[in-house]
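I have placed the structure first, in the form of structure tokens, so that the comments after it can refer back to it.
Readers should treat all values here as calculations from the given coordinates under stated rules, not as data from a laboratory. Please read all numbers here as calculations on a predicted model, not as lab measurements. When we count neighbours, we look across all protein chains shown, and the Cβ atoms used for this are built from the backbone with ideal geometry, even at glycine.
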Amino acid sequence: MRPRRLSFAKSLTTGLVVAIVIVQVYPLAWLFVTSLRPAQDFAAGNPFGIPSSLTLDNYVRAFEMADLPQYILNSFVVTAASSALIVFLGMMAAYALQVLGFRGSKVVLGLFLIGIIVPVQVALVPLFVNYARVGLLNTYQSMIIPLVGFALPISIYLFTSFFQYIPRETYEAASLDGAGPYRIFFGITMPLSTNTVITVVFVNGIFIWNDFIFANTFVFTEGLKTIPLGLQNFIGAMGSVDWTATFAAVCVTVTPLLLVFLVLNKAIIYGLESGSTKG
Amino acid sequence: MKHKKRLAIAGVAMAATLTLIGCGTPAGPSQEGEIVGREISWLLSRPADGGIITVVKEIADEYAETHPGFALNLVTTPDRPSYLQKLETLAAADQLPEFFDTDATPFTRKLVDQGKLVDVEALLKDLDIYDDFRPLALDYQRFDDGSLYMVPFEFEMEFFWYNTALFEQAGVTVPETLDDFADLCGPLRDAGVIPFALDGQDGWPLARYMSYQPFRLAGPDYLNELKRAEVELSDEVGTHASEWLAELGSSGCFAEGFSSQGYTDARDLFTSGQAAVYQIGTWELAALTSPDLPEGVKGNIDFFTLPTVEGAVTADNDYTVVSGIGMGISQKAFDPLVEDFLKFLLSEYSDRIVETGHMSPIAGSDVVIPEGASELYARALAEVDNLGDETAFPWDTQLDPTTNSRLQQDLVLLVQGEITPEQFTKTIDATLAENAPKFFD
Amino acid sequence: MLPHRSRLSVLVFLLPPLALYVIAVLFPILQSLVLSFFQWDGITDMEFVGIDNYIRMLTRDDIFWKAFGNALVYLAVCLFFQLGVSLFVANLLTYVGRGKEVVKTLLLLPAIISTVAISFLFQEIYSFEPSGLINQILEFVGLGNLATPWLSNVDTVLVAVSAPEGWRFLGLYMLILYAAILAVPKELEEAARLDGASSWRVFTEIRFPYIRPVWITTMIMATTYSLRGFDIPYLLTNGGPGQSSELLTTYMFKTAFRSTDFGYASTISVFIVVECIVAVGLIFLLLRRRSDVTS
């Protein structure tokens, strides 16, 4: 009796997992297939049916309508610079707050943590006006500064949580060897934090790569447009959309992130698993 | 008391930080002095690969050849809400570029009152091209006091396109009055057809329907009084319009789920033969007369103009004619170069835009019909010679923005039968009372 | 505290991040707070109106209250997916033998697609005329009478716009919870199993208490991100039909950038900040206290 029940439970588990995976992945597969459908076929027929034929026309149109490589480059610059800053500054702050420690560190930490719960839209108008005054509008920095600012709190939170788990003795031993705060930071804390770094970069990287709101507010020239902003070029007069070309563009712009993700997949999953649970 | 004072001081300090220094010395439209080449910008909300941008780019390149140092930087944000957000933040920071797209909205009016825009009427007269423009094209850009601060670049008429085969199949004919619309829907539905294709996602198409009855029953002034809350939407005219829309909804005139259908969905419903009527402007003529239309649709598309109503005060040939989003010129950045370039642009523009199959706001150039388009293309454009001299203004450019949003949202509820016409008019009146005074003092 | 630290080293490490944070986040928030006492359209002079914006928000604005209620439902749906379903999947996964790694990767995939694309996608999935994916499936399994225009029906739209947000990050939260479950000492579970405890009891009495701290972190992350949710409802329905899917964030954004009512928009954002603080406070109050008792 028991083995049969077990195998039933097992196949039920497998079935459920497979079903959930399908729910998570099917829409993305559909997106890809649609990007290969002839535009007419998509407009007239059942969008979820099997395409009558496949074509690369949509990709040709997508590249004609917008400077996709430029958008990808811009998104890359913004994401890379922001991620580096988020990691480095986050680690520094967490180090000062958690490892070095000082009177009032709890208050400062609290101040940072407020940032986790503030909606980014709050800052748009003031930031714009401030940027205009110092001539920062329409630059990479105008996107990077608020992106980093709003990501810092969660980064600091994750790093401080992680630093709690580095045993005190590690530091004490290093101190006895005569290592100062700077050497400890670069020699011990940083190398130990790899997993948390991956978590921070991955979680924030997704948001930054896809940020629309700051780019849309602070950037005006074609040469600085990031991907989400560039995708807007596919919206035509009065709101008409060339759907299949848009999906083709989406596929093109997702590719770099997807590649990074697939290559680093193991590290990311490992990092997420061990980096985020030490809280 | 002390507390209040401190707040007020903080406020003044903030005001100082937030309001930017600027406000160049106001200058008359005509600029004396030398033309010095430099880069100028035009912030647009037009399709990136559309005819206008292509033509303007071409002209700017030619101008640059004879004017070293000149460059025109075209920045387009076709999605209108995103564009407006950008424009408003730029205006707030006093960073408006040389040219920027905008409608004659209450917000633009405020900019004008601040002296930030060049008086286009005076400018066009100075450049001696004022009289070449189609009067309706200029009228569309005017504020309700008649002043003109935007240059039009389009000229399009809005029609109801219908599928003659589907009409025949359902045994219905072109409606004579607006109030006949609802009677079409039963037979069309029985024939398995969606009566009216409607882009409910964007808000403006349904707002057009809202504007029709008042325009016919009370004329163009109704809107001007309504937006100032001088008349109430719960009056006879507004109530009739609201009841009419509710009836269209309850008669199944629009696709179920229209509110989540976008512009393209609506057009596709019509051009694929699933919907019988489609309200849209002549800017879609290429799609409506395309040789690639499926069988059963090709050759079966015809159009009618805005029907009248019993006791109409506007003529049959008065209906919605638009000249698109206009182009404002920043007063601060206005100099001889900007003026000279504009002069060149407008002298070249008309002959080239007609090559793309679109009408020009400047009369005199004949549209080149695209190859392969059906006879409908020329026939629809020929209506331009029969136009009256009143326009049914779209409400979305006239109402204050808060009321406009509320109107567009609640119209959907009204048509879906979630609220009654009475609730609808009451809500809009309350919203007008709260917000109109902020824009129309 | 490190023994060999100096005041200077603290400053060296703390000042750069703090400076950037103040410039990018704190100062603009303060500016917003001040703005909430003004009426300002961005171009004409600001006018001090005291607490009038707050009075308007709390007493005269029916959309505000509607949006507040909607935001809570949105939160509930997101939490259902991001905490409920993901915890369930994480548990399931511990019973799966082979293919775990592949499953984890696939579940994480939706998180990297931009919200613009996700909105395009779900528009097609929810469509009614022509029939979208969900309605086709309902038709197929014989529940055709349940088919509805999900994004136009005022009774379904709110859940319909909330689900994609939950869907998108399900994998991420699942992974975090899964990792926490892995950290539960195997001996405890084995011992319980030998005592004849069911999977359910193993979960409630051993696993869950053990992962409670991670659960709290996850909950705070999910809650605050959901309360800030904006993109998908904004792009999918723009708050409609009517105000059926309007959230506080979308309403605030529209008030600022469509109605150019920056003062009033700031008032709403002050409320959102307060709301988030209260939510996080509640989570701590309810969960920390209980975990203190059990541990």
Once you list every other residue whose beta carbon is under 14 Å from the beta carbon of A:ALA151, what net charge do they have if Lys and Arg are +1 and Asp and Glu are -1? 0
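Within 10 Å of each Cβ in peptide A:61-70, how many partner chain Cβ atoms are there on average? Round it to a whole number, please.
Working: counts 1, 0, 0, 1, 3, 2, 0, 0, 0, 0.
Per residue, the number of nearby Cβ atoms from other chains is 1 on average.
Report the relative contact order of chain C, percent, no decimals, based on alpha-carbon pairs under 8 angstrom and at least 6 residues apart. Provide the component values of the computation, followed by the final result.
Numbers: 314 pairs, mean separation 84.5, N = 295.
It comes to 29 percent, rounded to a whole number.
Taking the alpha carbon gyration tensor of the protein assembly as shown, what are the square roots of 5 times its eigenvalues, largest first, to the nearest whole Å?
Working: eigenvalues 505, 255, 146 Å².
They are 50, 36, 27 Å, listed largest first.
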Could you list which residues have their amide H under 5 Å from that of B:PHE303, counting only those 5 or more apart in sequence or on another chain, with H placed in the peptide plane? B:TYR162
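Going by the alpha-carbon gyration tensor, a ≥ b ≥ c the square roots of its eigenvalues, is the stretch C:36-294 rounded (a/c under 1.5) or, if a/c is not under 1.5, prolate (a/b greater than b/c) versus oblate? It would help to have the intermediate numbers written out before the result.
On the way: a/c = 2.63, a/b = 1.48, b/c = 1.78.
Here the stretch C:36-294 falls in the oblate category.
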Of B:LEU138, B:ILE428, B:PHE393, which is farthest on the positive side of the dipole of chain B, counting Cα position, with +1 on Lys and Arg Cβ, -1 on Asp and Glu Cβ, and the Cα centre as origin? B:ILE428
What list of whole percents do you get for P(r) of the stretch A:58-275, with Cα-Cα distances grouped in 5 Å bins up to the one holding the largest distance? 1, 7, 13, 15, 16, 14, 12, 9, 6, 4, 2, 1, 0, 0, 0
Expressed as a whole-number percentage, the relative contact order of the stretch A:1-129 with C-alpha contacts under 8 angstrom and at least six residues apart is 12
Candidate cut points under GluC sites (Glu not before Pro) in the stretch B:184-245, DSSP loop plus at most 16 other Cβ atoms within 10 Å of their own Cβ, are B:GLU230
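Could you tell me the ratio Rg/Rh of the stretch B:284-368? Both radii from Cα atoms, Rh via Kirkwood.
Using only Cα positions, Rg/Rh for the stretch B:284-368 is 1.12.
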Can you list, bin by bin at 10 Å, the percent of alpha carbon pairs in the stretch A:27-92, starting at 0? 18, 30, 23, 17, 10, 2
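Please report, in debye to the nearest 20, how large the charge dipole of the protein assembly as shown is about its Cα centre when each Lys and Arg carries +1 at its beta carbon and each Asp and Glu carries -1 there. Please report the intermediate quantities before stating the final value.
Details: 63 positive and 107 negative charges, 1681 e Å.
Using Cβ point charges on Lys, Arg, Asp and Glu, the protein assembly as shown gives about 8080 debye.
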Rounded to the nearest 5, the percent of antiparallel DSSP beta bridges in the protein assembly as shown equals 60
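Please state the charge dipole magnitude for the stretch C:36-294, taken about the Cα centre, from unit charges on C-beta atoms (+1 on K and R, -1 on D and E), reported in debye and rounded to the nearest 20. Spell out each step's value before the answer.
Details: 18 positive and 22 negative charges, 181 e Å.
Once rounded to the nearest 20, the dipole reads 860 debye.
Which helices pass in chain C if a helix is a full DSSP H run, must span at least 15 angstrom along its long axis by Cα, and must have mean Kyte-Doolittle hydropathy not below -1.0? All intermediate terms of the calculation are to be shown ahead of the outcome.
Working: long enough: C:7-21 (21 Å, 1.73); C:62-79 (26 Å, 1.35); C:115-126 (16 Å, 1.22); C:157-182 (37 Å, 1.60); C:208-227 (27 Å, 0.76); C:262-283 (31 Å, 2.12).
Qualifying helices, which must be both long enough and hydrophobic enough, are C:7-21, C:62-79, C:115-126, C:157-182, C:208-227, C:262-283.
For the stretch A:1-148, what does the alpha-carbon gyration tensor say about shape, rounded, prolate or oblate, given a ≥ b ≥ c as the root eigenvalues, a/c under 1.5 as rounded, and a/b over b/c as prolate? Present the calculation step by step, with values, prior to reporting the outcome.
Numbers: a/c = 3.23, a/b = 1.30, b/c = 2.49.
Since a/c reaches 1.5 but b/c is at least a/b, the shape of the stretch A:1-148 is classed as oblate.
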Using only the Cα atoms of the stretch A:137-242, what do you get for the radius of gyration and for Dmax, in Å? 20.5, 70
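Using a 10 Å cut-off on Cβ to Cβ distances, tally the other chain neighbours for every residue of A:204-214 and report the average as a whole number. Can you show the working numbers first?
Details: counts 0, 1, 8, 3, 0, 2, 9, 3, 8, 6, 0.
Neighbouring Cβ atoms belonging to other protein chains average 4 per residue here.
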Specify the angular offset, from 0 to 90 degrees and rounded to the nearest 10, of the alpha carbon long axis of helix B:51-66 from the longest principal axis of the alpha carbons in chain B. 30
Could you pull out every residue, at least 5 positions away or on a different chain, whose amide H is within less than 5 Å of the one on B:MET327? Hs are placed 1.01 Å off N in the peptide plane, and Pro or chain starts have none. B:THR102, B:VAL151
With only Lys, Arg, Asp and Glu charged, each at its Cβ (+1 for the first two, -1 for the last two), find how big the charge dipole of chain A is about the Cα centre; round to the nearest 20 debye. 1000
Positive dipole terminus of the protein assembly as shown, leading residue within C:PRO213, A:LEU264, C:VAL161 (C-beta point charges): C:PRO213
Just want the answer: with Cβ charges of +1 for Lys and Arg and -1 for Asp and Glu, which residue in A:THR13, A:ALA66, A:ILE86 is farthest toward the dipole's positive end in chain A? A:THR13
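Out of the stretch C:56-165, which trypsin sites (Lys or Arg not before Pro) are coil in DSSP terms and have no more than 16 other C-beta atoms within 10 Å? Numbers along the way, then the final one.
On the way: sites: C:ARG56, C:ARG60, C:LYS66, C:ARG98, C:LYS100, C:LYS104; in loops: C:ARG98.
Within the stretch C:56-165, the qualifying trypsin sites (Lys or Arg not before Pro) (loop, at most 16 other Cβ atoms within 10 Å) are C:ARG98.
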Largest-first principal axis extents, alpha carbons of the stretch A:174-215, Å: 49, 19, 8
Quick one: which residues, 5+ away or cross-chain, put their amide H under 5 Å from the amide H of B:GLN279? H built at 1.01 Å from N. B:TRP161, B:ALA197
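In square nanometres and to one decimal, what's the mean projected area of the convex hull around the Cα atoms of the stretch B:131-212? Can you show the working numbers first?
Details: hull surface 31.9 nm².
Mean orientational projected area (the stretch B:131-212, Cα hull): 8.0 nm².
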Just need log10 I(q)/I(0) for chain B at q = 0.06, 0.09, 0.10, 0.11 Å⁻¹, Debye formula, equal scatterers on the alpha-carbon atoms, no solvent, rounded to two decimals. -0.28, -0.63, -0.77, -0.92
To the nearest 0.05, the calculated FRET efficiency linking B:ASP131 and B:ALA165 through their beta-carbon distance, R0 being 56 Å, is 0.80
Would you kindly give the portion of the calculated P(r) for the stretch C:172-284 that falls above 22 Å, as a percent of all Cα pairs? 54
May I ask you to list the GluC sites (Glu not before Pro) in the stretch B:283-348 that are in a DSSP loop and have at most 16 other Cβ atoms within 10 Å of their Cβ? B:GLU295, B:GLU310
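Would you tell me the mean number of C-beta atoms belonging to other protein chains that fall within 10 Å of each C-beta in A:130-138, as a whole number? Kindly include the intermediate steps, with their values, before the conclusion.
On the way: counts 8, 3, 8, 5, 0, 0, 0, 4, 2.
Mean inter-chain Cβ contacts per residue within 10 Å come to 3.
Can you check what the net charge comes to around A:ILE50, using other residues whose Cβ is under 11 Å from the Cβ of A:ILE50 (Lys, Arg +1; Asp, Glu -1)? Provide the component values of the computation, followed by the final result.
On the way: positive: A:ARG37; negative: A:ASP41.
Charge balance in the 11 Å sphere: 0.
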Top of C:PRO28, C:PRO17, C:PRO213 by mean-square fluctuation, Gaussian network on chain C, Cα under 10 Å: C:PRO17
